[in-house]
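The values are calculated or read from the model by the stated rules, or taken from the named source; none is laboratory data. This structure is a prediction, so every number in the text was calculated from the model and none was measured. A quick note on method: Cβ atoms are made from the backbone with ideal geometry, for glycine too, and the neighbour counts reach across all protein chains shown.
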Amino acid sequence: MDKVSLNLNINQNFKDKNQNNDNPKAITNLKKNNNSDCKDYIVSISDDGNKRRVKADEYKKSGVTSRREMFEEQTVEEKRTKRYDFLGNIDLTETFRLDEPETYERVRELERIVAKGSYPVGYSWTEYTDEAKQADLEAFFLKKDWFERRCMVDGKFRNPVTGHYAAMEVIERTFSDSSHDTTLNFYGPSEKDQYRENMWRYSSKFNVLLSADMVKQLIDYENPVSHDLIEKIDDVITKMKDVEKKYEGDYLAVQFGAKFHQDGAVSYYASYARSGQKGRIEIEASSSEELLSKLNNGTE
């Protein structure tokens, strides 16, 4: 079994899309390289995965999704802008959302109460409603408590989800190539029915949406659950790429997605535009075969 080590220093910005890893191999295991000072992860590559992957230069001859389309051009820049601050550190809001999704959702709920109780009443805190004032204080102390408890160690800042993002980047870079980008994102406990915002957040051709708990499982490499999850991600991305390869229609700006539900089920999605119509259309299916059938038959 081959192994490839990818340098995933979290302060390093995403490489240009033309520098993405074109290694047409599948992940079968992921673990931290403890022999290095940098935050490296070792990715084990299986021969079976190598056989199943489609090489980047094997373009199909029909259908509009075979080339890198214009909507993908800003994918890497979008990820860098939304995931990292101007110093290259992981955005603190995204850290909070991934590290403690339940607490994050409570803060979001409180912020909605504040917004409702402060406008159009007034912009000054003294003009907030009593409910808005209470919510504002509770949200402040929740965020303060989380930051001091999870991000500060011996008076120094420590990002608690560095390894989580490193694991996501390993998979993204392994499955992205000169043809198309692949993106992983996550949802919290109350975001489970709001997949659109997170799945289509970046302009990637292939998108995988995991729960925040699943992203945490990725870095627990000694747990068989991590190995099984990575195998399943490999299988799902392979199926999406197979649908893309077999699709022969003429929909514009087609993107493919797969959402991992908490019960282990996977739903497949396609999002596309149609000539002469505003907005995008989405298709949902319980299998990749059903998704391909709906695409080819024009079923919404």
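Can G88 be described as within 30 Å of I230 (Cβ to Cβ), out of contact with any Cys (no Cβ under 7 Å at 6 or more places or on another chain) and in a loop (DSSP other than H, G, I, E, B)? Can you show your working first?
Numbers: within 30 Å of I230 (Cβ to Cβ): yes; out of contact with any Cys (no Cβ under 7 Å at 6 or more places or on another chain): yes; in a loop (DSSP other than H, G, I, E, B): yes.
Here the answer is yes, as G88 does meet what is asked.
Filter segment 127-171 down to residues that are hydroxyl-bearing (S, T, Y) and either outside any loop (DSSP other than H, G, I, E, B) or modelled with pLDDT of 90 or more (or both), then give me how many there are.
Within segment 127-171, the subset hydroxyl-bearing (S, T, Y) is 128-129, 162, 165.
Within this subset, residues satisfying the condition of being either outside any loop (DSSP other than H, G, I, E, B) or modelled with pLDDT of 90 or more (or both) are 162, 165.
Number satisfying all stated conditions: 2.
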> Considering segment 245-285 alone, what residues qualify as being at pLDDT 90 or above, under 23 Å from S226 (Cα atoms) and not charged (D, E, K, R)?
Replying inline: G257, A258, F260, H261, A265, V266, S267, Y268
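Would it be correct to say that T95 is surrounded by 15 or more Cβ atoms within 10 Å (Cβ to Cβ), of a type in the set (S, T, N, Q) and at pLDDT 90 or above?
Here the answer is yes, as T95 does meet what is asked.
Touching a Ser or Thr at 6+ places or on another chain (Cβ under 9 Å), within 30 Å of E105 (Cα to Cα) and at pLDDT below 85: is that true of D234 in this structure?
Details: touching a Ser or Thr at 6+ places or on another chain (Cβ under 9 Å): yes; within 30 Å of E105 (Cα to Cα): yes; at pLDDT below 85: no.
No: the conditions fail for D234.
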> Under the condition of being hydroxyl-bearing (S, T, Y) and out of contact with any strand residue (DSSP E or B) (no Cβ under 8 Å at 6 or more places or on another chain), which residue from segment 71-99 is farthest from V161 (Cα to Cα)?
Replying inline: T81
>> Go through (1) surrounded by fewer than 18 Cβ atoms within 10 Å (Cβ to Cβ); (2) not assigned by TED's automatic domain parsing to the domain that holds I233 for A139 and report which single condition fails.
In response: (1)
>> Being β-branched (V, I, T), at pLDDT below 90, more than 12 Å from the chain's Cα centre (by Cα) and buried (at least 20 other Cβ atoms within 10 Å of the Cβ): is that true of T174 here?
In response: yes
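Please find, among K246, K216, K232, the residue that is closer than 13 Å to V266 by Cα, surrounded by fewer than 20 Cβ atoms within 10 Å (Cβ to Cβ) and assigned by TED's automatic domain parsing to the domain that holds E169.
Values: K246 fails: closer than 13 Å to V266 by Cα; K216 fails: closer than 13 Å to V266 by Cα.
On inspection, the qualifying residue turns out to be K232.
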